[in-house]
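> Pasting a structure below so you can have a look.
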Amino acid sequence: MKQVFYCPEESNFYSNCLENLVLRDCHKSECIVEFGSGDGSPVINSLLRNRFEGLIQGFELNPTAWKTANSYIDEYNLNHKYVIHNSCLFDSSQPEAEYLVANPPYLPAPDQDIYMPLLFGGIDGATVTNNLLSLDYQNVLLLVSSYSNPQSTINHAKAHGYSVTKFFVLPLKFGYYSSEPKVKKHIEELRKHGMAFYSGDYYYLAGVLFQKLSNSKVDLSQELEKLMTSL
């Protein structure tokens, strides 16, 4: 399957997190909402490897990525399991679902005038991530970067009644977009203020399952925070 994701390693990690933290715990006809579906390949790859009887509704603003995703969905005959809307989740009626999943844009920058504006995650990189937690879904799977003010995301989740129940961590090397001089300089400034954590050319990307406290028996928030701020 051809991918138009910017980082294949990150795409595969998202797919693995989706499988292990969400799909394998779905035993009924659960509904899942996805923010920023891209070309759809992470979800499609996951669906092809797992038995899932529910429905995933994706939201993707980029018309090119949306068309590509739909061509893949048709090719693999997954129309009954995966539907992608060419619109923004924040501007939609926000369908009811057991899970919200996303690999949100998390690139920090002083503004959107960067190589890839669609990756802009706000000044500290955590804006979109935190806004997704504010939608108040019971279970939320997000990819969280160590250079994108991870402490603010963990604190924001706590303030909205979430605990961290499971997470996976992947060390990644700074890529083309995060190495843009303007972006890298901004990340260095965030580091000085305790809002970005990395070592040399490497940072951590975590796949985190946030669950409402009433649904969870454990809270690994402190463990996640220690790990994400250890670089």
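The values are calculated or read from the model by the stated rules, or taken from the named source; none is laboratory data. For clarity, every value in this text was computed on a predicted model and none was experimentally measured. Quick reminder, even Gly has a Cβ in these numbers, built from the backbone with ideal geometry, and neighbours come from all protein chains shown. Surface accessibility is based on the protein's heavy atoms, side chains included, excluding ligands, DNA and RNA. Shrake-Rupley method; radii C 1.70, N 1.55, O 1.52, S 1.80 Å.
> Can you tell me the FRET efficiency between Cys88 and Glu223 if r is taken as the Cβ-Cβ distance and R0 is 35 Å, rounded to the nearest 0.05?
0.60
> Please compute the per residue accessible area over the chain with all protein chains in place, 1.4 Å probe, rounded to a whole number of Å².
46 Å²
> In the chain, with Lys and Arg counted as +1 and Asp and Glu as -1 at Cβ, which of these residues, Ala109, Asn79, His156, has the Cα nearest the positive end of the dipole, that is, farthest along it?
The listed residue farthest towards the positive side: His156.
> Long-range amide H contacts for Val33: which residues qualify at under 5 Å (H placed 1.01 Å from N, peptide plane, sequence gap of 5 or more or a different chain)?
Gln57, Tyr99, Leu100, Val101
> Could you give the distance between the Cα centres of the stretch 201-227 and the stretch 18-44, to the whole Å?
Taking the Cα centre of the stretch 18-44 as reference, the centre of the stretch 201-227 is 19 Å away.
> While we're looking at this one, here's another question. Can you list the trypsin sites (Lys or Arg not before Pro) in the stretch 39-127 that are in a DSSP coil and have 10 or fewer other beta carbons within 10 angstrom?
Of the trypsin sites (Lys or Arg not before Pro), the ones in loops of the stretch 39-127 whose Cβ has at most 10 other Cβ atoms within 10 Å are Arg51.
> On to the next question. Could you name the lysines whose alpha carbon sits less than 25 Å from that of Lys226, not counting residues in the same chain fewer than 8 places away?
Candidates past the 8-residue exclusion: Lys158, Lys166, Lys173, Lys184, Lys185, Lys192, Lys212, Lys217.
> Under the rule that an exposed site lies in a DSSP loop and has at most 15 other Cβ atoms within 10 Å, name the longest stretch of the chain with no GluC sites (Glu not before Pro) of that kind, not counting the sites themselves.
With GluC sites (Glu not before Pro) excluded where exposed in loops, the chain gives 97-231 as its longest stretch.
> Of the chymotrypsin sites (Phe, Trp or Tyr not before Pro) in the stretch 93-187, which ones lie in a loop per DSSP and count no more than 12 other C-beta atoms within 10 Å?
Tyr176
> On a 0 to 90 degree scale, rounded to 10, what angle separates helix 181-192 from the longest Cα axis of the chain?
With rounding to tens, the tilt is 70 degrees.
> Using the Cα centre of the stretch 1-72 as the reference point, and only Cβ charges (+1 on K/R, -1 on D/E), how large is the resulting charge dipole? Debye, rounded to the nearest 20.
Computed about the Cα centre, the dipole is about 220 debye.
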